[in-house]
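J.: Sharing a structure with you now.
Since every read-out is calculated from the coordinates, none of them should be taken as a lab result. Since this is a predicted model, take the numbers as computed values, not measurements. Don't worry about glycine lacking a Cβ; one is built from the backbone with ideal geometry, like all the others, and counts go over all protein chains shown.
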Amino acid sequence: MAGDSETRLEEQGKNRNGIRQPFLIGVAGGTASGKSSVCGKIMELLGQNEIDHHNRQVVILSQDSFYRVLTPEQKSKALKGQFNFDHPDAFDNELIIKTLWDIMEGKTVQIPVYDFVTHSRKEESVTVYPADVVLFEGILMFYSQEIRDVFQMKLFVDTDADTRLSRRVLRDISERGRDLEQVLAQYITFVKPAFEEFCLPTKKYADVIIPRGADNLGEDSLSLTQKKTPSHCHAPGNSSVQTPDSYQLVLSPKGLYHFPPTVQNVQ
């Protein structure tokens, strides 16, 4: 597999200003499907999880960081479990787009920190430095075409509903201060209908579907092949940027490589 055809991601194409552009991977899937675990597993396979954040080749971002700032009325509903956080309008898509394009331009970005207990954006932010690969995960990462088209590869984590519900119950009770009745009521009222209306239909945009999440990623390597035709992304106020017509991103403990494509699927 190794040879002259390999191109280290750190040597991949630069934009017109000579700035090396990162490889952007979108990771979507239902609530508690294992998106974060998949991203973490990829980070682990690459040996990046214990590297100082200034020197990492791979970084992980979450759509959860980009919930909109709620009005007092909305916050009151949220505290009662009556606000729909799974609707596309719950996210600050304008800030997501700006952040993605800043990342594409090689800039250091500030990521908001969201408090799920108080349903508010904290004063502090997280600094993310330029990296070779950026994994951006969230339930609706592929819903907006403007956001979807920025990703050079799209992964969908496909996990059965019972598993997702059980994980969400445990998470929301232990990490987000919810009680069981509130979690189940919110799931039935908002989460399940929103998944079926907004999230599940975006599965068709995925280049790779990963059943069972991180449990389906091997210890030795993960090979993902993009099969679609070239696409163009349009930054606000800038000309289009063409993504690669075809590529294979190979993730292994030995490094990050960007290959000429071969056909391979994740089962």
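J.: Please list, ordered by chain and number, the residues whose modelled amide H lies under 5 Å from the amide H of ARG178; skip anything fewer than 5 residues away on the same chain.
T.: Amide H neighbours of ARG178, under 5 Å, 5+ apart: ILE173.
J.: Sequence-distant or interchain residues sharing an amide H contact under 5 Å with LEU61, placed H: which?
T.: Amide H neighbours of LEU61: LEU135, PHE136, GLU137.
J.: Using a cut-off of 13 Å between beta-carbons, work out the net charge of the residues near LYS75 (Lys and Arg +1, Asp and Glu -1, LYS75 not included).
T.: +2
J.: If I stretch the segment between ALA185 and LEU200 completely, what's the gain in nm (0.36 nm per residue apart, minus their alpha carbon distance), one decimal?
T.: Additional length available on full extension: 3.3 nm.
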